[in-house]
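Read through the structure below, which is laid out as structure tokens, and then see the notes.
The values are calculated or read from the model by the stated rules, or taken from the named source; none is laboratory data. If you're wondering where the values come from, they're calculated on a predicted model, not measured in any experiment. Methodologically, a virtual Cβ is constructed for each residue, glycine included, from the backbone with ideal geometry; neighbour enumeration extends over all protein chains shown. Surface areas here come from the heavy atoms of the whole protein model, side chains and all, with no ligands, DNA or RNA. Shrake-Rupley method; radii C 1.70, N 1.55, O 1.52, S 1.80 Å.
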Amino acid sequence: PATGHLACGGSGVGRLPEPADIVREMEETQARGKTLAGKKVLVTAGGTLEAIDPVRFIGNRSSGKMGYAVAQEAAQRGAEVVLVAGGTVALADPPGIRVLHTESALAMREAVLQEAADAAVVIKAAAVADYRPKERAKQKIKKNDAELTLVLEKNPDILMELGARKRETQILVGFAAETQNLLAYAQEKLKKKNLDLIVANDVTCPDAGFNTETNLVKIIGRDGSIKELPLLSKQKVAKTILDAIESLQK
Ligand code: CTP
């Protein structure tokens, strides 16, 4: 929807876009064609949920919107899309996409390793918890002492495992959410995890990152290329990410 004055008297998102804009968008979509037809694209989205007891968990602020936008864009380009969602995602399943709902990092890992074997492209937009509670209490933990100590153990790094077993023709894309040294940390992750591209965003920037409609990212290539995008809707960021992936395939 377009933004501006609304019939209810307010102002904001909700106007019917100009017919000319709708037609242009349709023409653009059609012109792009089914450039990913016959390819399997695996996307992960959202935060993982690490259970403490039957009612509590450790989570993060990732909504899954960026990963869902990437999955939808890949489907529009004709790909066979598998979307693995983490436990904190509360979005509707997009039509025409096989969605696997998982809860924890361990469950996401199992689904991803299975689906990645024959995927041409893997895009890991999920915010995977680096640690999980070592013990998962069978019953709800009752309040008792003044302090409660939770011991956490490390989760496997799914992206690192995918990088280690990457096939020659497979394209692997990671995300890096940082609060400082964005470029340096992202480039380090790209190398360490054997990625082809990394999408880096500074999550301290308002309107970008977790649970927002827009994102401000830099797309960094294995060849050292850096593409800085302006603040864009997550749909437009998704398009640019897929354009970058397609140009690697040529
Ligand atoms: N990732 C993953 N498995 C993990 C942690 C991260 O697959 N256990 C993936 C994410 O999906 C993302 C990328 O790795 O594509 C970067 O995640 P991030 O948390 O920013 O990086 P880390 O490697 O965990 O490094 P750090 O937490 O030190 O910043």
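Brief remarks on what is shown
- Looking only at the stretch 1-24, residues that are assigned to a loop (DSSP other than H, G, I, E, B) and either open to solvent by 70 Å² or more (accessible area, probe 1.4 Å) or within 15 Å of R77 (Cβ to Cβ) (or both) come to 5 in all.
- Out of L162, L195, sole residue that is buried (at least 19 other Cβ atoms within 10 Å of the Cβ), in contact with a Gly (Cβ under 6 Å, 6 or more places away or on another chain) and within 24 Å of L36 (Cα to Cα): L195
- Any hit, the stretch 55-73, residues being farther than 26 Å from E178 by Cα and more than 17 Å from the chain's Cα centre (by Cα): yes
- Every pair of residues 6+ apart whose Cβ atoms lie under 7 Å, when the first sits in the stretch 224-250 and is farther than 13 Å from V121 by Cβ and of a type in the set (G, A, S) while the second is open to solvent by less than 50 Å² (accessible area, probe 1.4 Å) and assigned to a strand (DSSP E or B): S233/T214
- Selection count, the stretch 177-204, where residues are near the ligand (Cβ under 7 Å from one of its atoms) and at pLDDT 95 or above: 3
- Where a residue in the stretch 122-135 is over 14 Å from S63 (Cα atoms) and open to solvent by less than 100 Å² (accessible area, probe 1.4 Å) and its partner, wherever it lies, is in a strand (DSSP E or B) and of a type in the set (D, E), with Cβ under 9 Å and at least six apart: R132/E50; R132/E153; P133/E50; P133/E153
- Taken over the stretch 86-112, residues that are among the hydroxyl-bearing types (S, T, Y) and under 15 Å from the mean Cα position of the chain (by Cα) amount to 2.
- Near pairs, Cβ below 6 angstrom, 6+ apart or cross-chain, from the stretch 79-97 (within 19 Å of V121 (Cα to Cα) and modelled with pLDDT of 95 or more) to any residue that is part of a loop (DSSP other than H, G, I, E, B) and open to solvent by 60 Å² or more (accessible area, probe 1.4 Å): A79/K39
- For the stretch 205-218, the set of residues classified as away from the ligand (no atom under 12 Å from the Cβ), open to solvent by less than 60 Å² (accessible area, probe 1.4 Å) and under 16 Å from S233 (Cβ atoms) consists of C205, A208, T212, T214, N215, V217, listed by residue number.
- Residue satisfying all of: in the stretch 25-61; polar (S, T, N, Q) and open to solvent by 20 Å² or more (accessible area, probe 1.4 Å); farthest from M108 (Cα to Cα) among these: Q30
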